[in-house]
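Novice: Pasting a structure here, questions to come.
The values are calculated or read from the model by the stated rules, or taken from the named source; none is laboratory data. Predicted model, so just to flag it, every value in this text is computed and none were measured. Ideal geometry is used to build each Cβ from the backbone, glycine not excepted, and the neighbour counts take in all protein chains shown. Protein only, heavy atoms only, side chains kept; ligands, DNA and RNA dropped before computing areas. Shrake-Rupley method; radii C 1.70, N 1.55, O 1.52, S 1.80 Å.
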Amino acid sequence: MTGVPGDTIAALASGAGRAGVAVVRISGPRVPAVAEALIGGLPRPRQARVCAFVDADGLAIDRGVALYFASPASFTGEHVLELQGHGSPVLVDMLLARLLELGVRLAEPGEFSRRAFLNDKLSLDQAEAIADTIEAGSSAAARAAMRSLEGVFSREIDTLVEALIALRVYTEGAIDFPDEDDVDFLGDGEIERHLTAIRQRLADLRSQAVQGASLREGLRLVILGSPNVGKSSLLNRLARRDTAIVTDIAGTTRDVLHEQLSIDGLPLTLVDTAGLRETDDPIEAEGVRRAKAEIQHADRVLLVIDDRHGLGRDEQAVLTEIDARCPVTVIANKIDLSGGEAGLRAGFDGDWIGVCATTGAGFDALAAHLKQAAGLNADTPPAFVARRRHLDALARAAKALETGHERLVVDAAGELLAEELRLAQHALGEITGTFTSDDLLGAIFSSFCIGK
Ligand code: GDP
């Protein structure tokens, strides 16, 4: 990101295009001088003032409401002036041009939120939650993002970090004074007890974060199954349009197709693959290789079978191949021909759903099942929204604590445990932004829209 943090920035904060009202936001040390030139002086903080916004000749560009938030009690922590004028793109351009004359520059994407973060107004995950609130694809996602913004996630992280710091202090003490008063600090079970409690708390937080992430990013589903069982028909019915080629010739879907869709606001990426049949055809064989590669990145596999035939040798092989790497839902298709039951089937090993891709029978149950898998069920909505970046940091913290535990119980090596505790604390700090690189901040805030 270019630009000096101490300069003054402005941007249209409301949506682009014609509207009833347009909000232009200005933040930085030049705000008092800008207010003097543009509206004849600063309004009293937090009190709306109706006034003209004037050009260099004193002529009104627009007339509207001005709101002033004095530093540090503002969104960015700097002086902030908000001008609510008429929602005309032409007037907004004229107003922004006037601001440039007054020594203000246009804000870059996410720059207001970045300043709020740098001035300790928000933690990094809270700043991300602003973007997630605006971009939420469902009411459940919006509510979860709101809870993140209110600091639910940060507080959980902070509590864990505090517990880790306390344990680091205790462990380092045990290293420095190993046999104080004949007490074996490392071996008396106290450190292990605390470590286990922290690991449990982290595991709970991770499972909530996984749900929070699927709420935001949706599920990535890979459709697998033998040729002709109805994979493309299933995809088309879910997508309600014809992107995959549906024919009667086995092995038609040769490439990997990606389809983005949403079920009641839950974003889904559906990956349609070639069948997993062993084949001599080199093109189809490449498709099979890609199908296997896709499973690595999937949240769930939809294994489609012909309900008349049940799980065959090929399908059993697929299940063995996937093993425990990814949850699987078996979609028993063509129930119109098998006479099988529609919807979720009880008494099967794993999740089974009977459907008919031609009539749509069983698809409501499939939709409900996918929402459940993504944590969208109303009973226990995710407590906050999370990103892959957060999941990655939580996973690294968990790994460090696991290694630390081994160092403690297997090697009784206090120094090595202390180092793993430090790594875990560092990983958690990346989530809230206690430890972050400039590159990461640039990557996060540049994905925001301008004016945020
Ligand atoms: P894929 O090779 O697994 O992608 O299978 P397709 O989606 O191309 O379907 C193969 C054939 O089965 C096509 O003729 C479909 O119309 C047919 N088909 C798919 N689903 C059903 C179903 O639920 N019932 C019936 N009767 N035919 C189906």
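Novice: Give the stretch 201-227 a look and list any residue that's buried (at least 20 other Cβ atoms within 10 Å of the Cβ) and within 13 Å of the ligand (Cβ to nearest atom), or say none.
Specialist: Residues satisfying the conditions are ILE223, LEU224, GLY225, SER226.
Novice: Within the set of pairs 6+ apart or on separate chains, which have a first residue in the stretch 398-426 that is closer than 15 Å to ILE191 by Cβ, a second that is polar (S, T, N, Q), and C-beta atoms under 7 Å apart?
Specialist: Pairs found: GLY414/THR171; LEU417/THR171; ALA418/THR171; GLU420/THR403; LEU421/THR171.
Novice: Right, something else. Hey, among ALA66, ALA145, ALA140, which residue is open to solvent by less than 50 Å² (accessible area, probe 1.4 Å) and in contact with a Cys (Cβ under 6 Å, 6 or more places away or on another chain)?
Specialist: ALA66
Novice: Condition check: at pLDDT 85 or above, open to solvent by less than 60 Å² (accessible area, probe 1.4 Å) and more than 10 Å from the ligand (Cβ to nearest atom). Does LEU270 satisfy that?
Specialist: When the stated conditions are applied, LEU270 passes them.
Novice: OK, next. If you go through the stretch 373-392 one residue at a time, do you hit one that is of a type in the set (S, T, N, Q) and either closer than 24 Å to VAL229 by Cα or not in a loop (DSSP other than H, G, I, E, B) (or both)?
Specialist: no
Novice: Looking only at residues that are more than 11 Å from the ligand (Cβ to nearest atom) and in contact (Cβ under 8 Å) with a residue 40 or more places away in the chain in the stretch 327-345, which one is most open to solvent (accessible area, probe 1.4 Å)?
Specialist: PRO327
Novice: Let me ask another. In the stretch 300-326, which residue that is modelled with pLDDT of 85 or more and touching a Lys or Arg at 6+ places or on another chain (Cβ under 7 Å) is most open to solvent (accessible area, probe 1.4 Å)?
Specialist: Here the answer is ARG308.
Novice: All but one of (1) more than 21 Å from the chain's Cα centre (by Cα); (2) outside any strand (DSSP E or B) hold for TRP352; which doesn't?
Specialist: Answer for TRP352: the failing condition is (2).
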